[in-house]
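Just below is one structure, and these are the notes that go with it.
No lab work stands behind these numbers, since they all come straight from the coordinates. Since we're looking at a predicted model, the values are computed, not measured. Don't worry about glycine lacking a Cβ; one is built from the backbone with ideal geometry, like all the others, and counts go over all protein chains shown.
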Amino acid sequence: MKRIIFAMAVTLALPALILCQTSGKNNGKKGSDEQAVRQAIGELAVALRNNDAEALDRLYADGYIFVGDTGAAMTKAERVSAFKSGNLKYESISHEVASIKLFGDTAMAIVHFTTKVAPGVKASDGKFVTTATYARMKGRWQIVAAQSSRVAGQ
Amino acid sequence: MKNILLMIVVMFALAGYTFGECSAADRKALEAFDHAWSVAGDNGDRAALTNILADDYVGLPAMISKTQNIEDAMRAFERNKANPQNRDQFSSDNYMISCTPSTATITHRNVVTTKDGTGGKEETFYSRSVHFLEKRGGKWQAVSSANHGLDDYGVLMYMEHDWNNAYVKRDASWFERNLAADYSGVSSGTARIYSKSAELAELKADKSVTEWAGLSELNIRIDGNTAIVTGINQIKGRDDKNQPMDYRLRFTDSFIKRDGRWQVWASQGTRIP
């Protein structure tokens with residue numbers, strides 16, 4: 001019985017195993033990928049700072065999901081729309097990349113953000129830690145998911 | 001695949017509702033029947049297997065007869081006896097059982113870890129079995145059994161549930177095995193960044209007691225060897241000051257498939273007010 005289960009599981013798992021990636025062995029490539037992700041994070045920070053909905057639409061992947069410090073989840077459309085309507089507007093944003101890890105065409109970055117929202121906007125200022133997942137799509141790094149938490153006491 | 005899993009869950013929920021006759025004691029006895037079946041195979045107990053399987057038993061999808069099933073089990077037993085260090089580790093969990101006075105359905109997940117996986121490395125496979133039983137001559141017998149491997153969506157869904165179970169039990173070995181070496185977690189309370197070793201240390205030091213943890217709104221997205229799972233986790237128990245706690249976290253978990261198995265690469269949760 002167990003052998004049958006095992007044989008079936010192996011059969012089903014083989015295609016995935018054959019296609020299995022290995023993490024980058026070329027350090028130079030890894031370095032340039034890391035640099036490209038760092039640049040993409042920088043572009044995102046600029047777009048947020050400038051409340052540039054058009055740039056955000058380009059930087060967010062189509063399936064982008066953002067979870068903010070209230071635990072609410074927003075899709076790409078909802079996020080871009082909030083900037084377009086002015087419901088979300090920053091006066092200033094600064095960021096510092098804490099770490100970037102790479103795995104094939106996926107990158108995971110931890111970024112510290114300090115934000116100040118524009119007067120009248122229903123969002124709070126503060127210091128946040130964000131885990132951002134990037135994927136290389138058609139040669140371009142796009143952010144596919146991000147979650148942000150407020151640093152305690154900030 | 002997600003639809004198939006959902007259908008199975010709905011099917012068994014409906015079966016339980018419709019039949020309504022399957023008592024807790026019946027379910028316990030049927031789970032014991034299933035364990036006895038595994039033990040009989042492990043021990044190469046031909047007599048027990050002959051009793052457990054009905055004469056017209058069929059193993060699906062390969063249409064394996066009772067005789068063939070028993071012979072396969074005996075061969076596996078002899079192989080394991082000759083080479084015990086390479087014996088596969090097998091366990092079953094996540095049982096769903098329904099029954100009437102004369103029929104029963106048992107379904108469970110199987111976890112098989114083989115030391116002789118791809119490239120000679122240890123490898124774990126997941127599947128789900130569905131056994132159909134009939135009571136004949138006053139005793140339960142298996143009349144058919146089907147088994148299918150879990151796809152990546154199924155594996156990740158179970159991993160999230162296993163993670164919760166491990167957290168409730170403070171099972172550090174689960175975290176040791178399933179967090180990637182370069183794991184990063186961000187605390188839902190303080191936004192402090194945790195490495196794998198810091199996460200393990202925190203798990204051991206944490207004085208709160210989690211009595212129950214439940215998932216909802218699970219959304220699994222897979223692209224090749226990476227996956228993102230979002231959802232809500234509700235935690236109930238007592239905090240480090242022994243005060244009741246009940247809160248919900250919205251989480252984003254990133255997984256990577258490294259060395260042939262899914263591992264948690266990053267996790268961040270945010271409390272929902």
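Values computed for the structure shown
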| quantity | calculated |
| --- | --- |
| Computed label-point distance, nm, for sites B:Ser197 and B:Lys241 using a 7 Å Cα→Cβ extension | 3.3 |
| Distant-in-sequence amide H partners of A:Tyr134 (H built 1.01 Å from N, under 5 Å) | A:Ala107, A:Met108, A:Ala109, A:Val144 |
| Residues B:Arg261, B:Arg271, B:Arg27, sorted so that the one with the fewest Cβ neighbours within 10 Å comes first | B:Arg271, B:Arg27, B:Arg261 |
| A:Val121-B:Glu134 pseudo-label distance in nm [points 7 Å out on the Cα-to-Cβ vector] | 6.9 |
| Dimensions (Å) - the range A:49-154, Cα atoms, principal axes, largest first | 42, 30, 23 |
| Distant-in-sequence amide H partners of B:Ser188 (H built 1.01 Å from N, under 5 Å) | B:Gly269 |
| Most mobile of B:Ile256, B:Ile70, B:Ile193 in a GNM of chain B (Cα contacts under 10 Å) | B:Ile193 |
| Average Cα contact separation per residue, chain B, under 8 Å, 6 or more apart, as relative contact order % | 12 |
| Per-residue HN-Hα couplings for the range B:134-145 [Karplus 6.51, -1.76, 1.60; θ = phi - 60°; Hz; x = Gly/Pro] | 10, 8, 10, x, x, 9, 5, 9, 7, 9, 7, 8 |
| Packing-based exposure ordering (other Cβ within 10 Å, fewest first) of B:Cys22, B:Cys99 | B:Cys22, B:Cys99 |
| Length released on extending from B:Thr103 to B:Thr67, taking residue separation times 0.36 nm less the Cα-Cα span | 10.7 nm |
| Interatomic Cα distance distribution for the protein assembly as shown, bins of 20 angstrom, percent | 23, 48, 25, 4 |
| Using θ = phi - 60° and Karplus 6.51 cos²θ - 1.76 cosθ + 1.60, couplings along the range B:247-260 (whole Hz; Gly, Pro as x) | 9, 10, 10, 8, 10, 10, 10, 10, 10, 10, 9, 10, 6, x |
| For residues of A:61-71, the mean tally of beta carbons on other chains within 10 Å | 4 |
| Normalised per residue, the volume of the convex hull around the Cα set of the range B:69-186 (Å³) | 170 |
| Tail beyond 27 Å, pair distance distribution of the range B:2-149 (Cα, percent) | 25 |
| Kirkwood Rh, Cα atoms: Rg over Rh of chain B | 1.01 |
| The range B:222-270-the range B:112-179 distance, computed between alpha-carbon centres (Å) | 20 |
| Within a Gaussian network of chain B (alpha carbon springs, distance under 10 Å), most fluctuating of B:Gly117, B:Gly138, B:Gly185 | B:Gly138 |
| The range A:118-154: trypsin sites (Lys or Arg not before Pro) falling in loop per DSSP and having at most 16 other Cβ within 10 Å | A:Lys122, A:Lys138 |
| Computed [θ] at 222 nm, helices only, for the protein assembly as shown once each DSSP H run of length n ≥ 4 contributes -39500 (n - 2.57) | -11500 deg cm²/dmol |
| Taking B:His35, A:His112, B:His148 and counting other C-beta atoms within 10 Å, the order from fewest to most | B:His35, A:His112, B:His148 |
